[in-house]
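Beneath this line is the structure, given in structure tokens, with notes to follow.
FYI, it's all coordinate maths here, none of it is from the lab. Everything numeric here is computed off the predicted structure, so don't read it as measured data. Note that we place each Cβ from the backbone using ideal geometry, even for glycine, and neighbour counts take in every protein chain shown.
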């Protein structure tokens, strides 16, 4: 351990983080903290070290210990009943959401949970949903102990108010069944229709009847079951007096089926069952592709998923867990370190040092004295404190934002796809052609009128348009998903293509949440002093201390004596021969000043003030080039909850024409978006925190940005990995290409339609022609949409 | 002719069996999680008892 500089950094065997000390070891392995070491020892004892062989440093850092009684609320029978999925005399089944699950090691460890605790009967991981279903013996092990066991190996269950209120809906499987049935029927009808196409010999003519009737039988499940989504959506549209694309499609399906049935019954022909089932099958494939959802992501999160299930109520000196909806004004709650404040209240005991990053996106904690208001959604980072609740959870500031009208608005009314408008024209033209052909035949050969009308409707249903739309959308969603840009639905693609104004949130979006730039002002520090300060800061977990440690980088750590951390004020300790203090201006100099808002850290060595570190937001590197490429096409705005101190820097980055607004409350941001929309702008909002939630919801396209896709993001239309922010312009251009591809393939399908129609209006549309046209047009549309969207993606380097 | 009818019945029932298998596998949740099952099969079982010597 004598080497002065550590060139190749020592990383923790458990979590892979850089070790700031070399003292924590077990069996020649180094750890970054006691927590990680404990997990290792526990696994080693149970023979589960395979965990470390499967992946390198698979764990997650245990630096922030979990409070001992955190899961005490799981003893509460009411809460238990809401969580447990099944329970009998012997065993209990429960499913926990573990956001930490990320690799095969996690899978291995969690499924071998019974080696750590014999009371666990079985544990099964669903990796996609990041859930573990555990069956355990509740006589020997309580639910609370189970949650604590998971926590002790680094997988703290995430139990939120939302998970109590409603369970996640299962993936929609009915569409898959409908697709399966349609595929089965389509393939068999196709097979049975071949004799019809190629003609039968006179000897086999009685077979024809069998084939036709089998076709009718096989077409029934498609007509009554598989095609149901089209009837449903078409009918829904008609009821709202809106002709969507599914209405003419449903009409075409019904007409085709009826005419085919009539032909078979009357013995006049074989009908078009093959074309009908085929088109239903292909359209369902398109639907399934387009509706692909990201199960691991949630686009619907509201504040309840951020909040804990229970808080600690203090009454006559006794602490009891209380579930959130039961909290009343006048209750006294004990808020532990790293806990969220569930309701607005007044701090009555202890020092509040509150991190409002959930609400404002600002990660530097704010200090509050006794008697001051604290708001729901803040996270206590100091020691334990007590608050007197003055507003119930449902009445609190943060919660009220969600009861605003924006959140009650129906999403369906947001915008109408151009495909529906296009199909409307298409349908009217079709009716006109059918009418003209019918009048012509009425005068020439009145027997053929019905024949012609139905043939026109069969041939020219806008299924090609639907196909090209769903397949292109599905492929674009997939391409964007590969680039870590996840859209909620296909409609978002079109909304993105149409935007005119882009609004950015500043903190957390343009600036990185975890990176702060540190600037030192004051007397120059010697190398040794720097080392001493870095060592002292490394001993604290406060975000400012961590920022300072990171600023000094790889200096060797010195031993510290008499270390003290005064929550909300600062840290001090003896390093070598110097007594070093770091903290707020008030703490260091005794005078209140500008440094008390939490953005400056003052330094005193042996009671002499040397200077201070000031923290500045670190703008993401990708912002400047992104803004340059966007400014030419869109109007830009920045909304920030901060003070206007960085106005000039920001204006330089955003360009002279961008609107910059500071001191924006969540409600202000929402109103700003509304104001833009009233001017006729179509707005894209990009934000990260709960404070942007209202604006994200109000905007035409709300994009939540996150450093880690497993993190919690507010309700939005899309979720984007922060590292992909620079590609935003390319993504928008890809969405614009989407529309062109749909129209191009639609034009192609019209060519097929004209060929088909030319047969139909003459009254000579044979099943063979229909059977060739249908797959030919479907397959070529498939090729064109997939091919051109992939080429577009390649050209845009997505 | 009767041979064709028998073949027809055979081919449709085979296809129907596959359809049933497909619906069963979807309902059974086999497509819900595409990561865990292929990983799970590769894991060695850990020793039934802890490796340390104390009994």
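Share of antiparallel DSSP beta bridges in chain A, in percent to the nearest 5?
Working: 75 of 95 bridges.
Taking every DSSP beta bridge with both residues in chain A, the antiparallel ones total about 80 percent.
Evaluate the distance, in nm, between pseudo-label points positioned 7 Å from the Cα of residue A:217 and of residue B:20 along their respective Cα→Cβ axes.
1.5
Which Rg and Dmax, in Å, describe the Cα atoms of the stretch A:22-167?
Cα-based Rg and Dmax for the stretch A:22-167 come out at 15.5, 50 Å.
Based on the Cβ-Cβ distance of residue A:622 and residue A:348, what FRET efficiency does E = 1/(1 + (r/R0)^6) give at R0 = 60 Å, to the nearest 0.05? Don't jump to the answer; show the numbers that get you there.
Numbers: r = 45 Å, r/R0 = 0.75.
Between residue A:622 and residue A:348 the formula returns 0.85.
Taking the Cα centre of each part, how many Å lie between the stretch A:613-671 and the stretch A:100-147?
45
Would you tell me the mean number of C-beta atoms belonging to other protein chains that fall within 10 Å of each C-beta in A:318-330, as a whole number?
Average per residue, whole number: 0.
Quote the FRET efficiency, to the nearest 0.05, computed for residue A:205 versus residue A:736 with a Förster distance R0 of 60 Å and r equal to the Cβ-Cβ distance.
Working: r = 57 Å, r/R0 = 0.95.
Computed FRET efficiency for residue A:205 and residue A:736 comes out at 0.60.
Determine the gain in length on full extension of the stretch residue A:421-residue A:436; use 0.36 nm per residue of separation and subtract their C-alpha separation, reporting nm with one decimal. Don't skip to the answer; put the middle values down first.
Details: separation 15, 0.36 × 15 = 5.40 nm, distance 2.32 nm.
The span from residue A:421 to residue A:436 would gain 3.1 nm if fully extended.
Measure nothing fancy, just the Cα-based angle from helix A:205-221's long axis to the longest principal axis of chain A, in degrees from 0 to 90, nearest 10.
Taking Cα atoms only, the helix is inclined about 30 degrees.
Between the helical axis of A:174-198 and the dominant principal axis of chain A, each derived from Cα atoms, what acute angle in degrees is found, rounded to the nearest 10?
30
If you take each beta carbon of peptide B:32-38 and count the beta carbons of other chains within 10 angstrom, what is the mean? Walk me through the numbers before you get to the answer.
Values: counts 8, 8, 2, 8, 9, 1, 1.
Mean partner-chain Cβ count within 10 Å for B:32-38: 5.
Specify the angular offset, from 0 to 90 degrees and rounded to the nearest 10, of the alpha carbon long axis of helix A:527-538 from the longest principal axis of the alpha carbons in chain A.
Rounded to the nearest ten degrees, it is 60.
What is the order of A:520, A:155, fewest Cβ neighbours within 10 Å to most? List each step's numbers first, then the result.
Numbers: A:520 18, A:155 24.
Ranking A:520, A:155 by Cβ neighbours within 10 Å, fewest first, gives A:520, A:155.
For the protein assembly as shown, compute Rg over Rh where Rg is the Cα radius of gyration and Rh is the Kirkwood radius from the inverse mean 1/r over Cα pairs.
Working: Rg = 33.0 Å, Rh = 31.5 Å.
Here the Rg-to-Rh quotient is 1.05.
Evaluate the distance, in nm, between pseudo-label points positioned 7 Å from the Cα of residue A:75 and of residue A:225 along their respective Cα→Cβ axes.
Between residue A:75 and residue A:225, the label points sit 5.2 nm apart.
Where does chain A land at 222 nm, in deg cm²/dmol rounded to the nearest 500, when only DSSP H runs of n ≥ 4 count, each adding -39500 (n - 2.57), divided by all residues? Could the numbers behind the result be given before it?
Values: 27 runs with 346 residues, N = 798.
So the calculated ellipticity at 222 nm is -13500 deg cm²/dmol.
How long is the gain from residue B:41 to residue B:13 if the chain were fully straight, where each residue apart is worth 0.36 nm and the alpha carbon distance is subtracted?
Stretched out fully, the residue B:41 to residue B:13 stretch lengthens by 6.8 nm.
How long is the gain from residue A:173 to residue A:370 if the chain were fully straight, where each residue apart is worth 0.36 nm and the alpha carbon distance is subtracted?
Values: separation 197, 0.36 × 197 = 70.92 nm, distance 5.44 nm.
So the extension gain works out to 65.5 nm.
Listing A:40, A:752 from the residue with the fewest other Cβ atoms within 10 Å to the one with the most, what is the order? Present the calculation step by step, with values, prior to reporting the outcome.
On the way: A:40 22, A:752 19.
Placing the least packed residue first, the sequence is A:752, A:40.
Can you work out the FRET efficiency for the pair residue A:22 and residue A:762, with r the C-beta to C-beta distance and R0 = 56 Å, to the nearest 0.05? Intermediate results must be reported in sequence, preceding the final value.
Details: r = 89 Å, r/R0 = 1.59.
Efficiency computed from Cβ-Cβ geometry: 0.05.
When Rg is the radius of gyration of the Cα atoms in the stretch A:306-398 and Rh is its Kirkwood radius, what does Rg/Rh come to?
Numbers: Rg = 11.7 Å, Rh = 12.7 Å.
We get a ratio of 0.92 for the stretch A:306-398.
Taking the Cα-to-Cβ direction at residue A:657 and at residue A:158 and moving 7 Å from each Cα, how far apart do the two end points lie in nm?
4.0
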